[in-house]
1. If you go through segment 17-33 one residue at a time, how many are under 18 Å from PHE6 (Cα atoms), in a loop (DSSP other than H, G, I, E, B) and out of contact with any Lys or Arg (no Cβ under 9 Å at 6 or more places or on another chain)?
2. Exactly one of (1) surrounded by 14 or more Cβ atoms within 10 Å (Cβ to Cβ); (2) polar (S, T, N, Q); (3) part of a loop (DSSP other than H, G, I, E, B) is unmet by GLN11. Its number?
3. What pairs come out if I take residues in segment 25-42 that are closer than 14 Å to GLY8 by Cβ and pair them with residues that are part of a strand (DSSP E or B) and among the charged types (D, E, K, R) whose C-beta lies under 9 Å away, six or more apart or interchain?
4. Would you mind finding the one in PHE44, PHE6 that is in a loop (DSSP other than H, G, I, E, B), open to solvent by 60 Å² or more (accessible area, probe 1.4 Å) and among the hydrophobic types (A, V, I, L, M, F, W, C)?
Amino acid sequence: MAFAVFAGFVQCVARQLYAEGKITHLVRWGGDWDMDGQTLDQKFNDLPHFELYKPSKS
């Protein structure tokens, strides 16, 4: 639970900074690799893992 709360905070801050143009990458969390908002559908949970990714322009 604590990892999920912290991950949500990190991702929220990253989205805000990205929207403001202050950073160029967003954050993906190891507890939700497919970024669908569901944490129970993962085959591998790497809860302390975060990685940066550059969103594709769509």
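The values are calculated or read from the model by the stated rules, or taken from the named source; none is laboratory data. The model shown is predicted, which means the values in this text are computed figures rather than measured ones. Cβ coordinates were reconstructed from backbone atoms using ideal geometry, including for glycine residues, and neighbour counts include every protein chain displayed. Remember, those area values only see protein heavy atoms, side chains included, never the ligands or the DNA or RNA. Shrake-Rupley method; radii C 1.70, N 1.55, O 1.52, S 1.80 Å.
1. Result for segment 17-33: 3.
2. Tallying (1) surrounded by 14 or more Cβ atoms within 10 Å (Cβ to Cβ); (2) polar (S, T, N, Q); (3) part of a loop (DSSP other than H, G, I, E, B), GLN11 fails exactly one: (3).
3. VAL27/GLU51; ARG28/GLU51; TRP29/GLU51; GLY30/GLU51; MET35/ARG28
4. From the options PHE44, PHE6, the qualifying one is PHE44.
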